[in-house]
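This report concerns only the one structure given below.
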Amino acid sequence: MHNPAQPDRPEWTIMKLIRWAANYFDSHDIDSSRATAEILLAHALNARRIDLYLHYDQPLNSDERDRFKALIKRRLNREPVAYIVGCKEFWSMELEVTTDVLIPRPETECLVERALERLGRESNSKSKSILELGTGSGAVILALASENSRHFYWGTDISVNAVLVARRNAIRHGIETRVYFIVADWLTAFRGQSGLFDLIISNPPYVRSGDLVKLQPEIQAHEPLSALDGAEDGLRCLRKIVQSAHLYLKPAGVLLLEMGADQKAQLKQMINKCGQYENIEFYKDYSGYDRIAAMTKRKNCCAAG
């Protein structure tokens, strides 16, 4: 029989916690509040997000609630969800991410799409060599390798820790024998060699140094700014790649670059000034912003010295 002197304490079920956390995030201007609550609670419980709804009325014990509370505090401190849970989905692949690498962005999947389109233009089955510069977590090169096993893939990054993350991601998806990772500053590992690659691809730093302070606090405080900083004009790394990539491309090889949404005119001028490329094309991302530049090595282009 119910004892009025001992009122029932409401149980914190999974669904109640999700709703409470989502409202709490909303009150602190945390975006994607509901999804964030679900992802963090699933991580605290070592469960899948769908499991939360399969067991929505399951009460949580104090240890589980404490784990969830600790994750909520980290998010309120503007730590990105991907760093909190240690992974991010890209191209339907779950990738490990740490603060040594940028969190893969959805718009970068446009770079993968364009690369696959280029690789698939020839109907023959000849294997090709593909290089990604500044591989970070390995998201782009691993996405390409996951789609086609007959090609050869390389990824370079100046950060040892980033290369270690990329290597672990390759192992995670069972494609470590298809992709070779090298610690190097852009193309320096291949200096003196010419005509190595059919495709060179990169999502280099392209944010103007002065704009870094305008970025979201999640980015400013937690992501590696060296992977974003494109110097005063935002074009330093793009310029370096454009001016040297043709040396390492095979005849009619392709260079694909991700760029800032307002950099098309400057980048086009830079490419034309270089004089080593033809068939220059630009593509928009899913939001309609200019995002990808594609160019083909000219047939009479010089070789590496």
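Within segment 73-89, is even one residue open to solvent by 60 Å² or more (accessible area, probe 1.4 Å) and in a strand (DSSP E or B)?
yes
State yes or no: is residue 98 surrounded by fewer than 20 Cβ atoms within 10 Å (Cβ to Cβ) and in contact with an Asp or Glu (Cβ under 8 Å, 6 or more places away or on another chain)?
Against the criterion (surrounded by fewer than 20 Cβ atoms within 10 Å (Cβ to Cβ) and in contact with an Asp or Glu (Cβ under 8 Å, 6 or more places away or on another chain)), residue 98 does not qualify.
State all residues of segment 130-152 that are surrounded by 18 or more Cβ atoms within 10 Å (Cβ to Cβ) and not in a loop (DSSP other than H, G, I, E, B); if no residue qualifies, say none.
130, 131, 132, 133, 139, 140, 141, 142, 143, 144, 145, 146
Return only the number of the condition from (1) open to solvent by less than 40 Å² (accessible area, probe 1.4 Å); (2) more than 18 Å from residue 80 (Cβ to Cβ); (3) free of Cβ contacts under 8 Å to residues at least 24 places away in the same chain that residue 204 does not satisfy.
(3)
Please list, ordered by first then second residue, the pairs with beta carbon atoms under 7 Å, 6 or more apart or interchain, first in segment 133-153 and closer than 15 Å to residue 171 by Cα, second assigned to a loop (DSSP other than H, G, I, E, B) and among the basic types (Lys, Arg).
The qualifying pairs are 145/178; 149/178; 153/178.
Filter segment 266-281 for residues that are buried (at least 16 other Cβ atoms within 10 Å of the Cβ) and in a strand (DSSP E or B) and give the result.
277
Which of the residues spanning segment 285-302 are more than 15 Å from residue 241 (Cα to Cα) and either modelled with pLDDT of 95 or more or not basic (Lys, Arg) (or both)?
285, 286, 287, 288, 289, 290, 291, 300, 301, 302
Out of all the residues in segment 164-173, is one or more open to solvent by less than 10 Å² (accessible area, probe 1.4 Å), under 15 Å from the mean Cα position of the chain (by Cα) and among the polar types (S, T, N, Q)?
Yes - at least one qualifying residue is present in segment 164-173.
The values are calculated or read from the model by the stated rules, or taken from the named source; none is laboratory data. Everything numeric in this text was worked out from a predicted model, so none of it was measured. Positions of Cβ are generated from backbone atoms using ideal geometry, with glycine treated the same way; all protein chains shown enter the neighbour counts. Heavy atoms of the whole protein, side chains included, go into the accessibility calculation; ligands, DNA and RNA do not. Shrake-Rupley method; radii C 1.70, N 1.55, O 1.52, S 1.80 Å.
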